[in-house]
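The values are calculated or read from the model by the stated rules, or taken from the named source; none is laboratory data. A quick note: this is a predicted structure, and the numbers were derived from the prediction, not measured. Cβ sites come from the backbone with ideal geometry, for glycine too, and all protein chains shown count toward neighbours. SASA here: full protein model, heavy atoms, side chains in, ligands and nucleic acids out. Shrake-Rupley method; radii C 1.70, N 1.55, O 1.52, S 1.80 Å.
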Amino acid sequence: PVVYAFMPSTDPTDCSIVPDETDGAARAVRHLRDIGRERLALVAGPERHHSARARVDGAVAALTADGLAPAIEPLYGEWSEAWGRQAARILLRRNPDIDAVFCASDQIARGLTDGLREAGRRVPRDVAVVGFDNWDVMTAATRPPLTSVDMDLEGLGRDAANLLLAAIAGEPQQGVHLHPCRLSIRASTGDGEPE
């Protein structure tokens with residue numbers, strides 16, 4: 001028996017377990033809304049990339065559920081800090097009143113926070129920022145430390161192993177199974193640490 005982990009099989013009769021990136025992005029937006037942010041922007045990697053689209057779709061769905069829309073059209077670029085810095089300039093030029101940004105990766109978010117700071121915007125006081133991946137190298141190096149969506153890869157691996165053991169025992173579970181993400185809250189959305 002085989003269980004595909006992190007990326008789904010193209011065969012619907014196979015068993016796959018993947019992070020629920022759409023729900024993870026929705027969790028990020030709900031957090032930003034819960035702390036009072038209303039003018040949210042979305043910055044992602046390449047539009048052709050499944051994760052970029054899934055994360056933007058989840059964020060837009062969460063905003064729509066609150067009767068809102070993104071402050072500007074979602075921005076697609078690269079999975080890089082350089083793109084995050086460029087996106088900060090674009091966002092502030094197109095809508096200087098944004099008060100929160102959901103970034104579809106921690107690398108983008110780190111560059112974006114640098115770009116906001118260079119433009120004189122304080123994170124999180126003026127603009128709250130959330131990333132995605134909870135990559136500790138990025139979250140800890142971001143100033144202030146970055147709130148980020150964690151795909152719980154350890155839990156995903158554990159669930160993949162359990163699905164494999166079930167298949168070995170003669171109880172295969174076909175289809176794509178979604179593993180929930182969680183949010184790791186840090187100072188970039190105002191957890192009480194100094195700005």
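Could you tell me which of the residues L165, L156 is out of contact with any strand residue (DSSP E or B) (no Cβ under 9 Å at 6 or more places or on another chain), over 19 Å from E73 (Cβ atoms) and part of a helix (DSSP H, G or I)?
After ruling out the rest, the residue left standing is L165.
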- Within the bounds of the stretch 87-95, is there any residue that is crowded, with 23+ Cβ neighbours inside 10 Å and in contact (Cβ under 8 Å) with a residue 40 or more places away in the chain? yes
- Please state which one of V123, V149 is in a loop (DSSP other than H, G, I, E, B) and touching a Ser or Thr at 6+ places or on another chain (Cβ under 9 Å). V123
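Restricting to the stretch 23-45, what's the tally of residues that are among the β-branched types (V, I, T) and either surrounded by fewer than 20 Cβ atoms within 10 Å (Cβ to Cβ) or over 16 Å from the mean Cα position of the chain (by Cα) (or both)? Step through it out loud before you land on a result.
Within the stretch 23-45, the first condition is being among the β-branched types (V, I, T), and the residues that meet it are 29, 35, 43.
With either surrounded by fewer than 20 Cβ atoms within 10 Å (Cβ to Cβ) or over 16 Å from the mean Cα position of the chain (by Cα) (or both) added as a condition, the list becomes 35.
Adding up the residues that qualify gives 1.
Please pick out the residue among A65, A44, A59 that is touching a Gly at 6+ places or on another chain (Cβ under 8 Å), modelled with pLDDT of 95 or more and not aromatic (F, W, Y). Step through it out loud before you land on a result.
Details: A65 fails: touching a Gly at 6+ places or on another chain (Cβ under 8 Å); A59 fails: touching a Gly at 6+ places or on another chain (Cβ under 8 Å).
It is A44.
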- Message: The conditions are (1) out of contact with any His (no Cβ under 9 Å at 6 or more places or on another chain); (2) crowded, with 22+ Cβ neighbours inside 10 Å, and P145 fails exactly one of them. Which is it?
- Response: (2)
- Have a look at D152, D133 and point out the one that is of a type in the set (D, E, K, R), in contact (Cβ under 8 Å) with a residue 60 or more places away in the chain and surrounded by 15 or more Cβ atoms within 10 Å (Cβ to Cβ). D152
- Task: Check off (1) in a helix (DSSP H, G or I); (2) more than 17 Å from R39 (Cα to Cα) for A87 and give me the number that stays unchecked.
- Result: (2)
- Of those in the stretch 155-174 that are among the small types (G, A, S) and under 17 Å from E21 (Cβ atoms), the residue most open to solvent (accessible area, probe 1.4 Å) is G157
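What residue, among those in the stretch 50-65 that are of a type outside the set (V, I, T) and open to solvent by 80 Å² or more (accessible area, probe 1.4 Å), is farthest from G157 (Cα to Cα)?
Step by step, filter the stretch 50-65, then rank; the result is A65.
Mind listing whichever residues of the stretch 1-22 are touching a strand residue (DSSP E or B) at 6+ places or on another chain (Cβ under 7 Å), open to solvent by less than 40 Å² (accessible area, probe 1.4 Å) and either more than 20 Å from G155 (Cα to Cα) or not in a loop (DSSP other than H, G, I, E, B) (or both)? If you could, list the steps in order and put the result at the bottom.
At the first step, the residues of the stretch 1-22 found to be touching a strand residue (DSSP E or B) at 6+ places or on another chain (Cβ under 7 Å) are 3-9, 12, 14-20.
Cutting the leftovers down to open to solvent by less than 40 Å² (accessible area, probe 1.4 Å) gives us 3, 9, 15-20.
Result: V3, C15, S16, I17, V18, P19.
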